[in-house]
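This report concerns only the one structure given below.
The values are calculated or read from the model by the stated rules, or taken from the named source; none is laboratory data. As the structure is a computational prediction, the values presented were derived from the model and not from experiment. Don't worry about glycine lacking a Cβ; one is built from the backbone with ideal geometry, like all the others, and counts go over all protein chains shown. Remember, those area values only see protein heavy atoms, side chains included, never the ligands or the DNA or RNA. Shrake-Rupley method; radii C 1.70, N 1.55, O 1.52, S 1.80 Å.
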Protein chains: 2
Amino acid sequence: MTQAAAWLGVAPDHLLGLAALPYASYSAAHHAEEFRVGVAIGDSVLDLTTACDRLLPGRAHLFSSGTLDQFLAAGDGAWAQVRAEVTRWLSADEYRPAIEDLIQPAAAVQLGMPFVVADYVDFYASEHHVANVGRIFRPDGEPLTPNWKHLPIGYHGRAGTVVLSGTEIRRPCGQSRPPGADLPVFGAARQLDFEAELGFVVGAHSHLGEPVPVERFAEHVFGVCLVNDWSARDIQRWESAPLGPFVGKSFATTMSPWILPLAALEHARIRPPSREAKQVGYLVEMADWGLDIDFEVRLNGHVIAQPPYATMYWSPAQMLAHMTGTGAALRSGDLFASGTVSGPAREQSGCLIELAWNGKEPVLLPDGSTRSWLHDGDEVTISATAPGPDGVRIGLGAAIGCILPAVPTPPEARY
Amino acid sequence: MTQAAAWLGVAPDHLLGLAALPYASYSAAHHAEEFRVGVAIGDSVLDLTTACDRLLPGRAHLFSSGTLDQFLAAGDGAWAQVRAEVTRWLSADEYRPAIEDLIQPAAAVQLGMPFVVADYVDFYASEHHVANVGRIFRPDGEPLTPNWKHLPIGYHGRAGTVVLSGTEIRRPCGQSRPPGADLPVFGAARQLDFEAELGFVVGAHSHLGEPVPVERFAEHVFGVCLVNDWSARDIQRWESAPLGPFVGKSFATTMSPWILPLAALEHARIRPPSREAKQVGYLVEMADWGLDIDFEVRLNGHVIAQPPYATMYWSPAQMLAHMTGTGAALRSGDLFASGTVSGPAREQSGCLIELAWNGKEPVLLPDGSTRSWLHDGDEVTISATAPGPDGVRIGLGAAIGCILPAVPTPPEARY
């Protein structure tokens, strides 16, 4: 069953065919406040909340809130059952009478936050990204810190400022210290950047004091989304010693609205790159959780980067095992992101600081303008596709954000 | 009205007299699953959920869930009104018939998490602590990083592992690299430490993109609690470059169950220490939010430290202004902590790494044993008091935690 029923009119090569079936929270335009859970099929959305009432009443309570919160918490048995049922409804003609009135054009609905983000963690799992950043900031030192090949470096971000794709991003104001200066200055961030990342959505919780081993990854992680970890590089650089990034990143993180279940990525699973350093027991994987996902980053509609997720050094199963390794519990709704996805070539870099090499080699746009950093009004679109069954490709949707100008800084707020 | 009504039998010098009135979530022993909001008065607890039903029905919905979540979100008007009403009920004899049956011994109730922690941020606001840590780790360098006197350094921690006082803390296992070694080792943390901190509980939310200025601190922050930011120093040291602490701290953070409203700290407000560096506009305070709170840390019942919060360099109003300065929104239930509270003298240090100077000068206990780091079975109790009106002192309760042994590491989990 890799083809949607003919009456649905989904092209065989559609990125949102029967092999994808991502979930979102949406409201129909005429009921702006009433959210329900939807499944994407082609250019349409199936009202899963109502469909379950009719066809799978035993699971209907999982979708009655209109968000994915209850479904995420229900665990992998419920995830598999619902996906199998939805696949059946959308592939067999006999379900047409039961669901036809529940399908509407995706363009006509309003998407909402799919779930409440519990904790948000950001990893740093691309060797190419980390080495490039190391070369830029420490040209005479080792590109990687000594720990980097021994554990997946990560840090906690701000869950409360994870926003939905389409939310406009206000350029932040803050402190930074210009190169060579003794004192910091205050004002609008001059080095605003994006970071293209893959996000992993935790469904099933775990208990305090009990690490989640690599082999239980798919029992706890429900699916993936796209993440843009907006970063004010000038603010970040000044604040980060010794406790890491804080307000240079916490002002906003964009996530895509459609959550693609792990089950849709079976054909994208590959072996991660070979690891040089011997890995400690809790990070040793028997199953492959490298992912062959092709990213694309557009700036004002123009493709500026095509980062390959396949090159990521640390797998998400290792990230999860490390994050819980000292006993930290998982909650349903936790989100962890991969860190910037960058491949070996310059045009495979997932952020501007690499693409424009810290401003030394600005990116040229078709309109003749160049970018070392984001300008006010710039729109960044992160999208991605992955291999599915029978040669089809699966779409992961898009994380989109547009930069608003900073609020002007009154004179008394400066130094 | 600084004296509770005589029928309540509260000693005039009780730390939980009428000037304190902290809030908690509790269940009566005979209704173990039914939580309600309580107010401490002397050695007793008033059932505020039921008292509001009877005496303040317009606000009763704020307490019907049995936690502080709704009350926190209701804002400073509700906070002031409820505190004034409770003060009246507990000071005038005429309310005895209405509330006498709602008061029971504090020793007989079970306390719960007072609210759902939204985001958790940990600051680093004690100059003495930061300078000591700098001297220990970089004996030949400057004790403070260049940014430290220009902004309140902080980082996000894990909200999902903030646990209630009394929760046992499992010694974590993880990676660390012994001094001089090339490769890391895996095993139970050998350098387990506590950090005595003050926590600030956010009530009223703010909007994305809108900084909260220092002068609006008391509109957004409801009150304070005590925090123990457990830290595995050996794990933390190996993981922290370049993105800061992660799993060396995320395994557990203990908070005290009683939330003392800011209004109870009016008499504790003082001017913070004089600041050497010129402070940028958004950090300049007109009102004083230094706090004259005396901490006490006991290890297995023995006092090992008495850190003075009055010596903290950055005020909580500055922490809030900085945390939101780039536009990060606040949610009701956000918790931010001060970082380790340490004064200038050795015995005023709020963590073992300072008290035992990184293991070089172990702390001697009355039983003749010494501590460089925490042992299995050790119990750490953090308590604090502040000046109230008319010479009384106010208690902040206690954050207590006992160390459980690590889960043994199987051989295959080692390198």
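Scanning region B:164-190 for residues that are under 26 Å from the mean Cα position of the chain (by Cα), more than 7 Å from chain A (Cβ to nearest Cβ) and over 20 Å from B:Phe137 (Cβ atoms) yields B:Leu164, B:Ser165, B:Gly166, B:Thr167, B:Glu168, B:Ile169, B:Arg171. Going through region A:90-112 one residue at a time, which ones are closer than 22 Å to A:Ser165 by Cβ and touching a Phe, Trp or Tyr at 6+ places or on another chain (Cβ under 9 Å)? Hits for region A:90-112 are A:Ala106, A:Val109, A:Gln110, A:Leu111, A:Gly112.
For (1) at negative phi; (2) of a type outside the set (Gly, Ala, Ser); (3) under 26 Å from the mean Cα position of the chain (by Cα); (4) at pLDDT 95 or above, each residue gets a yes or a no:
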site	(1), (2), (3), (4)
A:Gly350	yes, no, yes, yes
A:Glu354	yes, yes, yes, yes
A:Leu365	yes, yes, yes, yes
A:Thr370	yes, yes, no, yes
A:Glu379	yes, yes, yes, yes
A:Ala399	yes, no, yes, yes
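Using the structure shown, decide if B:Ala125 is at pLDDT 95 or above, in contact with a Ser or Thr (Cβ under 7 Å, 6 or more places away or on another chain), crowded, with 17+ Cβ neighbours inside 10 Å and under 30 Å from B:Tyr313 (Cβ atoms). Here the answer is yes, as B:Ala125 does meet what is asked.
Could you grab me the full set of residues in region B:342-372 that are part of a helix (DSSP H, G or I) and surrounded by 17 or more Cβ atoms within 10 Å (Cβ to Cβ)? Answer for region B:342-372, where residues must be part of a helix (DSSP H, G or I) and surrounded by 17 or more Cβ atoms within 10 Å (Cβ to Cβ): B:Gln348, B:Leu352, B:Ile353, B:Glu354, B:Leu355. Against the conditions (1) among the β-branched types (Val, Ile, Thr); (2) under 26 Å from A:Ala384 (Cβ atoms); (3) touching a Leu at 6+ places or on another chain (Cβ under 7 Å), A:Thr67 satisfies every one except (3).
Does B:Val303 satisfy the condition of being open to solvent by 10 Å² or more (accessible area, probe 1.4 Å) and either within 21 Å of B:Val221 (Cα to Cα) or among the β-branched types (Val, Ile, Thr) (or both)? Yes: the conditions hold for B:Val303. When each of B:Gly174, B:Gly166 is tested for being modelled with pLDDT of 95 or more and either closer than 18 Å to A:Tyr155 by Cα or among the aromatic types (Phe, Trp, Tyr) (or both), the lone residue that passes is B:Gly174. Considering region B:1-116, the qualifying strands (runs of 3 or more DSSP E), each wholly inside and each with 3 or more residues that are farther than 20 Å from B:Ala263 by Cβ, run over B:23-28, B:103-105, B:109-112. The set of residues from region A:71-112 being open to solvent by 50 Å² or more (accessible area, probe 1.4 Å) and free of Cβ contacts under 8 Å to residues at least 60 places away in the same chain comprises A:Gln81, A:Ala84, A:Glu94, A:Pro97, A:Asp101. Of the residues contained in region B:140-149, none is found to be open to solvent by less than 10 Å² (accessible area, probe 1.4 Å) and within 21 Å of B:Asn228 (Cβ to Cβ).
Results for (1) β-branched (Val, Ile, Thr); (2) more than 20 Å from the chain's Cα centre (by Cα); (3) surrounded by fewer than 24 Cβ atoms within 10 Å (Cβ to Cβ), shown as yes or no for each residue.
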residue	(1), (2), (3)
B:Ala20	no, no, no
B:Ala29	no, yes, yes
B:Arg36	no, yes, no
B:Val39	yes, no, no
B:Val45	yes, yes, no
B:Asp53	no, yes, yes
B:Ala60	no, yes, yes
B:Leu68	no, no, no
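If you go through region A:231-278 and keep only what is among the small types (Gly, Ala, Ser), open to solvent by less than 50 Å² (accessible area, probe 1.4 Å) and more than 14 Å from chain B (Cβ to nearest Cβ), you end up with A:Ser256, A:Ala264, A:Ala268.
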